[in-house]
Amino acid sequence: MELLQEGYLLRIFIGESDKKDGKLLYEWLVLQAKAMELAGTTVLRGVMGFGPTSRIHTSKILRLSQDLPIIVEVVDTRDRLEKYLEAIDAVIEGGMATLEKAQVRFYRKKV
């Protein structure tokens, strides 16, 4: 797949314990992106954060949270990411999504 130099970065902020049909939501999101043949995804686990409830989620030993922040990053063209957002929007009960321009410097597989 050829990715144009001007791509877009979608970030989806959810909780680590969020689920879709018994499966972890972040895993489901990655599988949806793969099924839609998007350029790539990465899942990042946060060590601390808060969202609309203002409840702090942290990985500190004394306040071990079972619901750490998760960020699912997806890179592709704007049109393809908009279609992906349409497909996943109804499934995400709580969280946030951001979309921004990203200059793609290279996109290649290791040979």
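Bear in mind these aren't lab numbers, they're just calculated from the coordinates by the rules spelled out. Given the structure is predicted, the values throughout are model-derived calculations rather than measurements. Heads up, the Cβs are rebuilt from the backbone with ideal geometry, glycines too, and the neighbour counts pull from every protein chain shown.
Quick notes on this one:
- Scope the stretch 67-84; condition closer than 22 Å to Gly46 by Cα and not β-branched (Val, Ile, Thr); matching residues: Asp67, Leu68, Pro69, Glu73
- Residues (within 25 Å of Asp67 (Cα to Cα) and in contact with an Asp or Glu (Cβ under 7 Å, 6 or more places away or on another chain)) located in the stretch 19-41: Leu25, Thr41
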